[in-house]
Amino acid sequence: MLTYILKRLIQLVPVLFGITLACFFLLRALPGDPATLLLGARGGPEEIAAMKARLGLDLPMWRQYVLFLGDILSGSLGRSVVYGQPVISLVLERLPATLWLVAYSTAIAVVLTIPLALWSAVKRDRAPDILVKLVFTVLLAIPSFWLGLVLVVILAIWVPLFPTSGYGTGLFSRLHHLTLPAFVIALATASLTIRSLRSGILNVLGSDYVTTARAKGNATARTMRVHVLPNALISSISVLGAHTSWVIGGTVVIETVFALPGLGSLFVESIFARDYPMIQGLTIVFAVLVVLINLATDIAYALADPRIRLD
Amino acid sequence: MSKRRLDPTLLVGLVMLLLLALLVGLGQIWTPHDPFLVDYGNTLQPPSARHWLGTDDLGRDVASRVMAGGLVDLRVALICVMAPALLGIAIGALAGFVGGRVDTVIMRITDVFWAFPFHVLVIAIVGVLGPGEANLYIAFLLVNWISFARITRGEVLVLRELEYVQAARSFGSSDTRIIAAHILPNAVTPAIVYAMADVVLTILAVTSLSFLGLGIQPPTPEWGLMIADGRQFMFDAWWIATAPGLAIIYTGVTFALIGEGLDTALRPKG
């Protein structure tokens, strides 16, 4: 197991390096001019030149990349133009809200996904399967920001069960505040994960050992409990892992709708403030978050399924 | 040969698409009211015989704006899927067919892009370029090709080993001909199916960006923008944000059903 974890950690290095390269070239090589955008109509040619020098945009590309890499390796991730602070200190301030939201929505997605996928797979092509498929096809097509607004009106204003925005303090209040936003993200995630897990379970149901278990005269309930469910739970780990990036992307919009003090709302604020170093730093942070969560799910998956780590 | 029947899911999707196209097309030549006409004497009116879906905070007719706004969202979503799809299919076919170092480099690039959450990358690019329709195209072109490249490469890897391709090679067909005549027509099927699902996700992404103020800019009628407009009136005038929201869902379901139906219809039997 240790070898597996070590192997995965070593594989991480080139990916992280690639992330810095991709982020740099996507955001710098584009024709946009952050200094002009930042100053807007106020900027004369001198101010623009000064801002370019401040952001290091007057340097040759390779030097800009070296400086950028230096900012990342030093841990500061650059300095925010708007806040005048290192990007990392703002990231650390806003990270908890996003992690809470990701964890909570993942938990809700698991609770929705596993039973519905099982039900759907067992009743394949019959009414329950078609119903689940239909409901979640519609749910997938619902814009999350719109669903968020609708749920606020229904469950926070008409029937005041939940707060309309904010983050709360203490475990209970926090979960209470995050329920609506987490639920919205979870519905969108579940509409993708239920489908993947359903086909995973169908594979298990069609496999030889399940046929054998049935042939031996095991009752359906026992076959499900002993042979199908554990494997379904294991594959749900990888199915959810594959959608991490989707969940994290979803937080950007949802945090803005619910005014949550997370990385996503900071990201959108930075875009409007034209805080270029912040945009860059946050893009890296989001990608690293995805990579780390994927790593964690891969390790969890390997722990649960010996076939993976011995591969 | 047995008579081929149209898959029922595909049929429903196509009928819904036809209806959508008719409404959106009609919206370009005729709407119940002028979608841009501001009427301060007539703001926040609930749905009525005169204004089927009510009016917004500037007194503009919501139904007319939903009809007119459809064209922008459909155009942007379709271009934001089709252009990257073509690019991704070409890159994926190249990687799969040439193999070796070219394949390794292309796959490493897609691995890295894969780590970035889709929304984050698109928002970051639009943030650097500035909002607007043209910049949406650039952002989606840079981000959306990845899945198509991965899907097509996987298909090509399988197909190029199949007997009929080997046979074509032994007849002395050129690489270009093998790719164009034998591999691509079969390799693009999963990419086409995926493209339909991708239209659903892209419509959501485009309307999200407009909702955030980073996509289509006012006063263009656009569904995401209309929801952003209606946001502050959710309680007093729910119809402003409800109608465009339902329009997005209808469009998404349409393409999801077509994707689903195509998947069933095109998947090789046996």
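The values are calculated or read from the model by the stated rules, or taken from the named source; none is laboratory data. Keep in mind it's a predicted model, so treat the numbers as computed, not measured. Quick reminder, even Gly has a Cβ in these numbers, built from the backbone with ideal geometry, and neighbours come from all protein chains shown. Please note that ligands, DNA and RNA were not included when accessible areas were found on the heavy atoms of the full protein model with its side chains. Shrake-Rupley method; radii C 1.70, N 1.55, O 1.52, S 1.80 Å.
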Every residue from segment A:25-51 that is under 18 Å from A:ARG274 (Cβ atoms), within 14 Å of chain B (Cβ to nearest Cβ) and not in a loop (DSSP other than H, G, I, E, B): A:LEU26, A:LEU27, A:ARG28, A:PRO34, A:ALA35, A:THR36, A:LEU37, A:LEU38, A:LEU39, A:GLY40, A:ALA41
Boolean, B:SER64 is surrounded by fewer than 21 Cβ atoms within 10 Å (Cβ to Cβ) and hydroxyl-bearing (Ser, Thr, Tyr): no
Those residues of segment B:111-148 which are in contact with a Ser or Thr (Cβ under 6 Å, 6 or more places away or on another chain) and under 21 Å from B:ILE192 (Cβ atoms), in sequence order: B:ILE146
Boolean, B:LEU6 is closer than 27 Å to B:ARG267 by Cα and out of contact with any helix residue (DSSP H, G or I) (no Cβ under 8 Å at 6 or more places or on another chain): no
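How many residues are among the aliphatic types (A, V, I, L, M) and open to solvent by less than 20 Å² (accessible area, probe 1.4 Å) when one looks only at segment A:286-309? Before the answer, list the steps.
Of all residues in segment A:286-309, those among the aliphatic types (A, V, I, L, M) come to A:287-293, A:295-296, A:299-300, A:302-304, A:308.
Subset that is open to solvent by less than 20 Å² (accessible area, probe 1.4 Å): A:287, A:290-291, A:295, A:302.
Adding up the residues that qualify gives 5.
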All positions within segment A:11-51 that are open to solvent by less than 70 Å² (accessible area, probe 1.4 Å) and of a type in the set (D, E, K, R): A:ARG28, A:ASP33
Residue identified as among the hydrophobic types (A, V, I, L, M, F, W, C) and open to solvent by 30 Å² or more (accessible area, probe 1.4 Å) among B:ILE179, B:ILE146: B:ILE179
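Residues are listed down the side, and each one gets a yes or a no for (1) buried (at least 16 other Cβ atoms within 10 Å of the Cβ); (2) assigned to a loop (DSSP other than H, G, I, E, B):
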{"position": "B:LEU26", "(1), (2)": "no, no"}
{"position": "B:SER48", "(1), (2)": "no, yes"}
{"position": "B:GLY59", "(1), (2)": "yes, yes"}
{"position": "B:GLY69", "(1), (2)": "yes, no"}
Count of residues meeting criterion [at the interface with chain B (Cβ under 8 Å from one of its Cβ atoms) and over 25 Å from B:GLY132 (Cβ atoms)] in segment A:269-286: 0
Every pair of residues 6+ apart whose Cβ atoms lie under 8 Å, when the first sits in segment B:174-200 and is touching a residue at least 60 places away in the same chain (Cβ under 8 Å) while the second is hydroxyl-bearing (Ser, Thr, Tyr) and part of a helix (DSSP H, G or I): B:ALA187/B:THR152; B:VAL188/B:THR152; B:ALA191/B:THR152; B:TYR194/B:SER147; B:ASP198/B:SER147
Tally of residues being outside any helix (DSSP H, G or I), more than 14 Å from chain B (Cβ to nearest Cβ) and modelled with pLDDT under 85 across segment A:215-260: 4
Count - residues of segment A:14-44 that are at pLDDT 80 or above and not β-branched (Val, Ile, Thr): 11
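Is it true that B:THR202 is at pLDDT 90 or above, at the interface with chain A (Cβ under 10 Å from one of its Cβ atoms), in a helix (DSSP H, G or I) and crowded, with 24+ Cβ neighbours inside 10 Å? So that I can check it myself, show each step before the final result.
Numbers: at pLDDT 90 or above: yes; at the interface with chain A (Cβ under 10 Å from one of its Cβ atoms): no; in a helix (DSSP H, G or I): yes; crowded, with 24+ Cβ neighbours inside 10 Å: yes.
Spelling it out, it is not the case that B:THR202 is at pLDDT 90 or above, at the interface with chain A (Cβ under 10 Å from one of its Cβ atoms), in a helix (DSSP H, G or I) and crowded, with 24+ Cβ neighbours inside 10 Å.
Of the residues that make up segment A:2-17, is at least one under 24 Å from A:VAL268 (Cβ atoms), among the hydrophobic types (A, V, I, L, M, F, W, C) and touching a residue at least 40 places away in the same chain (Cβ under 8 Å)? Talk me through it step by step, then tell me what you get.
We begin by selecting, within segment A:2-17, every residue under 24 Å from A:VAL268 (Cβ atoms); these are none.
Scanning segment A:2-17 turns up no residue that is under 24 Å from A:VAL268 (Cβ atoms), among the hydrophobic types (A, V, I, L, M, F, W, C) and touching a residue at least 40 places away in the same chain (Cβ under 8 Å).
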Odd one out for B:TYR194, checked against (1) open to solvent by less than 40 Å² (accessible area, probe 1.4 Å); (2) among the hydroxyl-bearing types (Ser, Thr, Tyr); (3) within 14 Å of chain A (Cβ to nearest Cβ): (1)
Among the candidates B:TRP52, B:TRP114, B:TRP30, residue that is modelled with pLDDT under 90, buried (at least 16 other Cβ atoms within 10 Å of the Cβ) and more than 30 Å from B:VAL156 (Cβ to Cβ): B:TRP52
Which numbered condition B:PHE171 misses (of (1) open to solvent by 10 Å² or more (accessible area, probe 1.4 Å); (2) more than 11 Å from chain A (Cβ to nearest Cβ); (3) under 30 Å from B:PRO219 (Cβ atoms)): (3)
Extreme residue, nearest to the chain's Cα centre (by Cα), among residues of segment B:212-268 that are without any contact (Cβ under 8 Å) to a residue 24 or more places away in the chain, within 7 Å of another protein chain (Cβ to nearest Cβ) and farther than 25 Å from A:VAL135 by Cα: B:ARG231
Selection count where residues are open to solvent by 10 Å² or more (accessible area, probe 1.4 Å), in a helix (DSSP H, G or I) and of a type outside the set (A, V, I, L, M, F, W, C), scope segment A:266-279: 3
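Filter segment B:107-142 down to the residues that are closer than 22 Å to A:LEU295 by Cα and more than 21 Å from the chain's Cα centre (by Cα), then identify the one that is farthest from the other protein chains (Cβ to nearest Cβ). Let's see the steps before the verdict.
First, the residues of segment B:107-142 that are closer than 22 Å to A:LEU295 by Cα: B:107-121.
Then keep just the ones that are more than 21 Å from the chain's Cα centre (by Cα); that gives B:107-109, B:111-112, B:115.
Details: B:MET107: 11, B:ARG108: 7, B:ILE109: 8, B:ASP111: 7, B:VAL112: 4, B:ALA115: 5 Å.
Here the answer is B:MET107.
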Only one of A:LEU205, A:LEU240 that is over 24 Å from A:TRP100 (Cα atoms) and either of a type in the set (S, T, N, Q) or crowded, with 19+ Cβ neighbours inside 10 Å (or both): A:LEU205
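How about segment B:212-233: which of its residues are of a type in the set (S, T, N, Q) and either under 13 Å from B:ARG60 (Cβ atoms) or part of a helix (DSSP H, G or I) (or both)? Outline the logic, then answer.
So in segment B:212-233, the residues of a type in the set (S, T, N, Q) come out as B:217, B:220, B:232.
B:THR220, the sole residue that qualifies.
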When residues of segment A:175-192 are limited to those that are in contact (Cβ under 8 Å) with a residue 60 or more places away in the chain and small (Gly, Ala, Ser), the one farthest from A:LEU155 (Cα to Cα): A:ALA190
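If the requirement is being away from every other protein chain (no Cβ under 11 Å), over 19 Å from A:ILE254 (Cβ atoms) and open to solvent by 30 Å² or more (accessible area, probe 1.4 Å), which of these qualifies: A:VAL132, A:VAL159? Working first, answer last.
Details: A:VAL132 fails: open to solvent by 30 Å² or more (accessible area, probe 1.4 Å).
When all the criteria are applied, what remains is A:VAL159.
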Residue within segment B:237-254 that is open to solvent by 40 Å² or more (accessible area, probe 1.4 Å), part of a helix (DSSP H, G or I) and modelled with pLDDT of 85 or more present: yes
All positions within segment A:72-120 that are open to solvent by 60 Å² or more (accessible area, probe 1.4 Å), in a helix (DSSP H, G or I) and over 21 Å from A:PRO261 (Cβ atoms): A:LEU73, A:VAL111, A:PRO115, A:TRP119
